[in-house]
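The values are calculated or read from the model by the stated rules, or taken from the named source; none is laboratory data. Since the structure is predicted, the reported quantities are computational estimates derived from the model, not experimental observations. So basically every Cβ, Gly included, is an ideal-geometry build from the backbone, and we count neighbours across all protein chains shown.
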Amino acid sequence: MEYYVFKDGQNLGPMPDQGVIDGLRAGRYAPNDLGCRVGETRWQDLSILFPFEVQRPAYTWQDNGRNTAPAYEQPRRQPQAAYQQPAPLVYQPNLSGMPESYLKNDYNLLPRWGGIIIDQLIAIPLIIMAVIPFIGIIGAPLLVLYWISRDALMGGQSVGKRVAGLKVIKADGSPFTWSDSVKRNIVYFGFLLLMIPFYGWFFSGLINGPLGLVELIMIISGGRRIGDRMGTETYVVRV
């Protein structure tokens, strides 16, 4: 369990609960300093969050050294049970490399659909070549080459993404390369089945149809395709 501590106008943390306890014992934090668990928005006195560390029994020695009943230390002030600090002070540290838009479940869906449509319009001549019997032997590989390379044309941007104001980035912050584009668009290798004369469209649809449906569900529900989760972690963000 991790907490923030609000002391002297500063938001300290996040820190494990043992760190707060050690701070109370060492006197770095007072019982009336405010604390909040990571991911929550309610701030409370540390005397409420850690009552056993604040209200410790203090023995007094009376009557020739005999120990009397314990008297308990009280918090310096009565805690404000419902005190609210501004919400921006409370956040879950982002150590995963996931963009802020994804943390907020904003997957830029409308711009992405627009970018895909533009990329498809550009690919129309290659699509026509790929579905024509025998010509597809050349057209299908060219179509696949276009789809697997398109995101690397401008360092993470296809033409459609450039127009839509989007870019593919990597979670580790390293540059987006052609090999990353191939991994991200690996499902498009199924279009190679169009090389089969006459029946290629059938076999291609048999493979690409279910894959396309799975990818559609993945984008709507989590903003990331199959290729985004394979090998290199990638995201599509606004630029």
**Item:** In the range 121-146, residue surrounded by the fewest Cβ atoms within 10 Å (Cβ to Cβ) [restricted to those that are small (Gly, Ala, Ser) and out of contact with any Gly (no Cβ under 9 Å at 6 or more places or on another chain)]
**Value:** Ala123
**Request:** Take Val20 and decide whether it is within 30 Å of Val239 (Cα to Cα), of a type in the set (A, V, I, L, M, F, W, C) and modelled with pLDDT of 70 or more.
**Result:** no
**Prompt:** Among the listed residues Ile127, Ile118, which satisfies the condition of being in a helix (DSSP H, G or I), under 20 Å from Ser204 (Cα atoms) and in contact (Cβ under 8 Å) with a residue 12 or more places away in the chain?
**Reply:** Ile127
**Asked** Scanning for something assigned to a strand (DSSP E or B), touching a residue at least 12 places away in the same chain (Cβ under 8 Å) and either surrounded by 15 or more Cβ atoms within 10 Å (Cβ to Cβ) or within 26 Å of the chain's Cα centre (by Cα) (or both), does the range 23-30 turn up at least one residue?
**Response** no
**Prompt:** In this structure, is Ser221 of a type in the set (Ser, Thr, Tyr), exposed (fewer than 14 other Cβ atoms within 10 Å of the Cβ) and not in a loop (DSSP other than H, G, I, E, B)?
**Reply:** yes
**Message:** So, in the range 174-205, exactly how many residues are touching a residue at least 12 places away in the same chain (Cβ under 8 Å) and part of a helix (DSSP H, G or I)?
**Reply:** 19
**Prompt:** Could you say whether any residue in the range 54-65 is surrounded by 14 or more Cβ atoms within 10 Å (Cβ to Cβ) and at pLDDT below 85?
**Reply:** yes
**Message:** closer than 17 Å to Asp119 by Cβ and surrounded by fewer than 19 Cβ atoms within 10 Å (Cβ to Cβ): is that true of Glu233 in this structure?
**Reply:** no
